[in-house]
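The values are calculated or read from the model by the stated rules, or taken from the named source; none is laboratory data. Just so it is clear, the structure is predicted and the values come from calculations on it, not from any experiment. Note that we place each Cβ from the backbone using ideal geometry, even for glycine, and neighbour counts take in every protein chain shown. Accessible surface is based on the protein model in full, side chains and every heavy atom, while ligands, DNA and RNA are left aside. Shrake-Rupley method; radii C 1.70, N 1.55, O 1.52, S 1.80 Å.
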Amino acid sequence: MAFGADSWHVSLRGMQEEYVTTMHTDPRTVVFSPARLAGLQLRNRVIKTATYEGMCPGGSPSDALIRHHRELAAGGVGMTTVAYCAVSPNGRTFEAQMYMRAAIVPKLQELTAAVHAEGAAVSIQLGHCGYFSRNTALPGRRSLGPSFAINEYGLMSGIPFAKAMTEDDIATVIDDFGAAAARAVEAGFDAVELHLGHGYLLSQFISPATNRRRDRWGGSLDNRMRLPLAVLQRVRERVGPHCAVLAKTNLRDGFKGGLELDEAVGVAQRLEGAGIDAIVLSGGFTSKTPFYLFRGAAPLKQMIEVEHSRLHKLMLRLFGRYAIKAYPFKELFFLEPARAVRQAVRVPLVLLGGALSIDSLETAMREGFDFVAMGRALIADPDLVNRMQRGEATRSRCNSCNQCVAEMDRHGVRCVLG
Ligand SMILES: Cc1cc2nc3c(=O)[nH]c(=O)nc-3n(C[C@H](O)[C@H](O)[C@H](O)COP(=O)(O)O)c2cc1C
């Protein structure tokens, strides 16, 4: 692909069309122009990425969750993403997390209708936590993962160990992803995002650090990708032709022995081969390198404040400063590794990580990405896209203090800048 100042190529693979068109226009125009994502027409190329809302008391979507996504939609994004929804009760990291079931479909229908009324599309992130769980409702108080593991996160909740999944466990997870995706379509979602990153179950299967299986589900990258691809295939069968299927993947796990970029490229190639509609490029492993995902400050004081369990509070006080490493923030912090994926696949890619400004959006377009996802910038300024488009703003107020990460466990995610 060649890029000039005002004449450059934009791939329209997102439209699943067999051609590349040359647009004699500037990247800013492209960001704010309608774009296709599989069968969907988005009004622009900005996606609100999944940021756990903390607005599902009892695991059920609330009016606050609807208001949150309506506000984001009214603020101009092309598509908003409802964050982590477990595909089954056992796929919850903790009990207050939403999990997909018939009873919540009517409330989710309200949510999707509210977003659509504001002119945006809406996706839902579907995931399973695997071994990374402190959900005391787990049968036998034992979480499941690709291999036996010590579950540091659940230690204080009486879930110290994870069991290696059996063939039956794996078959159940595939069924659960399919059923959850079918319900998402019933609830009016335009897209589902499969969580293959951040150290959740499918990421645990992909990562060489957590998947030490010697059967067909472990070992080579082909084997480690077998479950994510089986999930993708089942989801595709269950959602029908009108729902876009995205995957959020890791560029790097962020620790020694974890997934590295060369294999991350292989992950993207395999997803492309299996017909994914778009890949959201992220990184980090929540149980080991949580702030690799975000970059910026680690708000330990606020995390201790909002922690409900006394034991967890104590552990955070004693060891938090050693266990939770902060990483310096820089705008578009995943751009460099994401370029390697861009060069290797033709499938639509969503650039994520530290997109704060109109410059970030333009750079993403210039670098050949099809969409840009924003998290914290839109928590701080839900109407940023509209204001940028009208020329009233050039960047978000977000200063990566990351207090929103603690706030989601207080009264729901919000920006402390007010
Ligand atoms: C408060 C908060 C909650 C998050 N929850 C999720 C989540 O549920 N699922 C997920 O994939 N990523 C989650 N993330 C990570 C974001 O999706 C994104 O990868 C990260 O914030 C980097 O993007 P940004 O720099 O635009 O914020 C969360 C981030 C924040 C700040």
| Residue match in the stretch 148-155 (condition: at pLDDT below 95 and of a type in the set (Gly, Ala, Ser)) | yes
| field | Checking PHE319 against (1) free of Cβ contacts under 8 Å to residues at least 12 places away in the same chain; (2) in contact with a helix residue (DSSP H, G or I) (Cβ under 9 Å, 6 or more places away or on another chain); (3) open to solvent by 70 Å² or more (accessible area, probe 1.4 Å), the condition it does not meet | value | (2)
| query | What do you reckon, is VAL413 touching a residue at least 40 places away in the same chain (Cβ under 8 Å), open to solvent by less than 70 Å² (accessible area, probe 1.4 Å), in a helix (DSSP H, G or I) and not aromatic (Phe, Trp, Tyr)? | reply | no
| task | Please work out if GLY199 is on the phi > 0 side of the Ramachandran plot, open to solvent by less than 50 Å² (accessible area, probe 1.4 Å) and within 15 Å of the ligand (Cβ to nearest atom). | result | yes
| note | Residue set PRO106, PRO160, PRO146; condition in contact with a Lys or Arg (Cβ under 6 Å, 6 or more places away or on another chain) and not hydrophobic (A, V, I, L, M, F, W, C); output residue PRO146
| message | Being of a type in the set (A, V, I, L, M, F, W, C), buried (at least 20 other Cβ atoms within 10 Å of the Cβ) and in a loop (DSSP other than H, G, I, E, B) is the filter here; which residues of the stretch 139-171 pass it? | response | ILE159, MET165
| said: When you check TYR153 against the structure, is it more than 18 Å from the chain's Cα centre (by Cα) and within 16 Å of the ligand (Cβ to nearest atom), yes or no? | reply: yes
| task | Could you tell me which residue of the stretch 364-413 is nearest to the ligand (Cβ to nearest atom), considering only residues that are of a type in the set (Lys, Arg) and modelled with pLDDT of 95 or more? | result | ARG376
| said: Considering only residues that are more than 23 Å from LEU300 (Cα to Cα) and surrounded by 15 or more Cβ atoms within 10 Å (Cβ to Cβ), which ones fall in the stretch 322-338? | reply: LEU332, PHE334, LEU335, PRO337, ALA338
| request: Determine whether MET303 is within 13 Å of the ligand (Cβ to nearest atom), open to solvent by 30 Å² or more (accessible area, probe 1.4 Å), in contact (Cβ under 8 Å) with a residue 60 or more places away in the chain and farther than 23 Å from LYS256 by Cα. | output: yes
| Are any residues in the stretch 26-53 modelled with pLDDT of 95 or more, of a type in the set (Lys, Arg) and away from the ligand (no atom under 16 Å from the Cβ), and if so, which ones? | ARG36, ARG43
| task | Kindly indicate the residue of the stretch 54-79 that is within 12 Å of the ligand (Cβ to nearest atom) and in contact with a Gly (Cβ under 6 Å, 6 or more places away or on another chain) and also farthest from PHE294 (Cα to Cα) among those meeting that condition. | result | MET55
| query | GLN125 versus (1) within 14 Å of the ligand (Cβ to nearest atom); (2) at pLDDT below 95: which is the lone unmet condition? | reply | (2)
| said: Please count how many residues of the stretch 70-82 are under 18 Å from LYS248 (Cβ atoms) and not hydrophobic (A, V, I, L, M, F, W, C). | reply: 3
| said: Looking only at the stretch 322-344, how many residues end up being within 15 Å of LYS248 (Cβ to Cβ) and either free of Cβ contacts under 8 Å to residues at least 60 places away in the same chain or more than 14 Å from the ligand (Cβ to nearest atom) (or both)? | reply: 1
| request: Would you please name the residue that is farthest from LYS248 (Cα to Cα), looking only at residues in the stretch 55-69 that are open to solvent by less than 30 Å² (accessible area, probe 1.4 Å) and among the small types (Gly, Ala, Ser)? | output: SER62
| request: Select from the stretch 345-362 the residues that are farther than 19 Å from ARG390 by Cα and more than 14 Å from the ligand (Cβ to nearest atom) and list them in ascending order. | output: VAL345, ARG346, VAL347, PRO348, LEU349
| field | Failed condition for ILE174, given (1) in contact (Cβ under 8 Å) with a residue 60 or more places away in the chain; (2) assigned to a helix (DSSP H, G or I); (3) touching a strand residue (DSSP E or B) at 6+ places or on another chain (Cβ under 7 Å); (4) open to solvent by 10 Å² or more (accessible area, probe 1.4 Å) | value | (3)
| said: For the condition modelled with pLDDT under 95, of a type in the set (Ser, Thr, Tyr) and within 16 Å of the ligand (Cβ to nearest atom), what is the one hit in SER143, SER133? | reply: SER133
| message | If a residue must be surrounded by 19 or more Cβ atoms within 10 Å (Cβ to Cβ), over 18 Å from the mean Cα position of the chain (by Cα) and either assigned to a strand (DSSP E or B) or on the phi > 0 side of the Ramachandran plot (or both), how many such residues does the stretch 29-39 contain? | response | 2
